[in-house]
Amino acid sequence: MQKDKNIKSYTAAELKAKRGESRTDLSRVDAITDEALERLVAEDEDERGMQADWTQAKLVLPQAKQSVHLRLDQEIIAFFKSAGKGHISRMQAVLKAYVDAHRPHPK
């Protein structure tokens, strides 16, 4: 797999140095009342007229994952590992995409 020349890697220390100081005034955020927040939302052009509809909301808890022992060809393992950390997650994503593509879809 060829490395993309536009992708840059940073250490945690480098990211922390780039981040700098937060400009968020958390005391102001904590002090705002619900009424003031509603007023600010109503005044925002992008939010004007939007109302959250929670009537169809459902609590969806993630299903527990099942551990399996799986023997794979070295070529497959090497391919996924060559992209770096997260190779198991990438393998799972490929399997999930396969399942979704082959699952019958309701008409």
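The values are calculated or read from the model by the stated rules, or taken from the named source; none is laboratory data. On a predicted model such as this, the values are computed, not experimentally measured, just so you know. All Cβ positions, glycine included, derive from the backbone under ideal geometry; neighbour counts span all protein chains shown.
Per-structure values
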read-out: Residue within the range 10-23 that is within 22 Å of the chain's Cα centre (by Cα) and hydroxyl-bearing (Ser, Thr, Tyr) present; value: yes
read-out: Matching residues in the range 60-80 - criterion: being in a loop (DSSP other than H, G, I, E, B) and either among the hydrophobic types (A, V, I, L, M, F, W, C) or under 30 Å from Glu38 (Cα atoms) (or both); value: Val60, Leu61, Ala64, Val68, Leu70, Leu72
read-out: Given (1) surrounded by fewer than 10 Cβ atoms within 10 Å (Cβ to Cβ); (2) under 24 Å from the mean Cα position of the chain (by Cα), index of the condition Arg71 fails; value: (2)
read-out: Selected residue (only one of Ala83, Ala57 is closer than 30 Å to Asp4 by Cα and assigned to a loop (DSSP other than H, G, I, E, B)); value: Ala83
read-out: Neighbours by Cβ (under 7 Å, 6+ apart or cross-chain): first from the range 41-65, modelled with pLDDT under 85; second exposed (fewer than 10 other Cβ atoms within 10 Å of the Cβ) and of a type outside the set (Asp, Glu); value: Ala42/Arg48
read-out: Residue among Ala36, Ala17, Ala42, Ala57 that is loosely packed, with under 10 Cβ neighbours inside 10 Å and of a type outside the set (Ser, Thr, Tyr); value: Ala57
read-out: Residues located in the range 1-37, provided they are of a type outside the set (A, V, I, L, M) and assigned to a helix (DSSP H, G or I); value: Glu14, Lys16, Lys18, Arg19, Ser27, Arg28, Asp30, Asp34, Glu35
read-out: Single residue of the range 77-107 satisfying the filter (loosely packed, with under 11 Cβ neighbours inside 10 Å and among the basic types (Lys, Arg)) that is nearest to Ser9 (Cα to Cα); value: Lys85
